[in-house]
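Here the structure is laid out as structure tokens; the discussion comes afterwards.
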Amino acid sequence: MDLSGFPNLHLLTDIFPNQVKGLMTIIRDRETDRDRFIFYADRLIRLLVERSLEFLPVAPESVVTPTDATYAGARFLGQICAVSVLRAGESMEMAVRDVCGKVRLGKILIQRDEETAEPHLYYSKLPPDISDRWVLLLDPMLATGGSIIKAIEIIKEKGVPEERIIFVNLVSALFGLNRVFSRFPQIRIVTAEVDPELNDRCYIVPGLGDFGDRYFGTER
């Protein structure tokens with residue numbers, strides 16, 4: 001699969017090819033029970049969040065170590081917030097809290113019409129100073145791209161520049177990547193793997209099923 005046309009796409013497999021492939025094999029397996037699914041999905045999400053933080057700006061800073069030596073290091077610039085697309089995006093919030101401490105959180109509820117596959121906004125609650133922050137947009141699955149495009153529109157309407165939005169995602173469909181980047185070429189997408197197609201119900205193939213149902217235990 002040629003992904004060279006997406007310069008702002010960052011694959012976790014480029015850094016941890018064997019680890020990501022092994023973890024993805026477990027969570028994609030329909031025989032994986034919920035406890036194992038949550039455990040290994042959480043491991044992947046943590047890696048994705050850590051990778052996303054690499055894109056935050058830094059400035060040089062030197063400190064004195066306990067051996068009285070000087071260490072030429074760096075300090076992070078700019079504040080961040082995480083915005084989860086409900087419901088599945090909430091599964092990614094704990095990983096952000098684990099690595100970012102007292103991070104501000106926002107939530108957007110967008111539901112897809114099962115017949116038209118078009119997104120509808122039902123709820124939005126974002127930090128009042130979001131325009132001054134870098135935004136980690138959280139949603140584990142990118143299928144048609146409709147929900148994420150809607151979420152990005154909402155965040156941009158609050159004054160966040162496109163280049164300060166980082167979409168953190170587990171599995172992306174090629175179709176969704178094309179749609180998102182054609183609308184917002186300056187955002188970054190950090191994902192574990194890219195899948196080639198959608199089925200006739202607009203589900204990612206091979207995919208892993210409904211992430212939210214498997215994570216929260218609401219499969220029918």
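Since every read-out is calculated from the coordinates, none of them should be taken as a lab result. Treat the numbers as computed from the prediction; the structure is a model and nothing was measured. Glycine gets a Cβ as well: all are built from the backbone with ideal geometry, and neighbour counts include every protein chain shown.
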- Item | Selected residue (only one of 149, 154 is β-branched (Val, Ile, Thr), farther than 23 Å from residue 208 by Cα and surrounded by fewer than 24 Cβ atoms within 10 Å (Cβ to Cβ)) | 154
- Only one of 161, 140 is surrounded by fewer than 20 Cβ atoms within 10 Å (Cβ to Cβ) and either over 25 Å from residue 47 (Cβ atoms) or in contact (Cβ under 8 Å) with a residue 12 or more places away in the chain (or both); which? 161
- Residue list for region 173-191, restricted to those being free of Cβ contacts under 8 Å to residues at least 40 places away in the same chain and either within 16 Å of residue 139 (Cβ to Cβ) or among the β-branched types (Val, Ile, Thr) (or both): 173, 175, 176, 179, 180, 183, 184
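Check 46, 30 and return the single one that is surrounded by fewer than 17 Cβ atoms within 10 Å (Cβ to Cβ), in a helix (DSSP H, G or I) and charged (D, E, K, R).
Numbers: 30 fails: in a helix (DSSP H, G or I).
The conditions single out 46.
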- Message: Are there helices (runs of 4 or more DSSP H) fully within region 69-187 with at least 2 residues that are in contact with a helix residue (DSSP H, G or I) (Cβ under 7 Å, 6 or more places away or on another chain), within 24 Å of residue 6 (Cα to Cα) and among the charged types (D, E, K, R)? List them.
- Response: 174-183
- Item | Per-region count, region 105-160, residues within 17 Å of the chain's Cα centre (by Cα) and among the aromatic types (Phe, Trp, Tyr) | 1
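Does residue 38 satisfy being within 26 Å of residue 201 (Cβ to Cβ), among the aliphatic types (A, V, I, L, M) and not in a loop (DSSP other than H, G, I, E, B)? I'd like the intermediate steps shown before the answer.
On the way: within 26 Å of residue 201 (Cβ to Cβ): yes; among the aliphatic types (A, V, I, L, M): yes; not in a loop (DSSP other than H, G, I, E, B): yes.
So residue 38 passes the test.
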- Do you know which of the residues in region 84-134 that are β-branched (Val, Ile, Thr) and out of contact with any Leu (no Cβ under 9 Å at 6 or more places or on another chain) is surrounded by the most Cβ atoms within 10 Å (Cβ to Cβ)? 130
- When residues of region 174-196 are limited to those that are under 22 Å from residue 17 (Cβ atoms) and charged (D, E, K, R), the one surrounded by the most Cβ atoms within 10 Å (Cβ to Cβ): 195
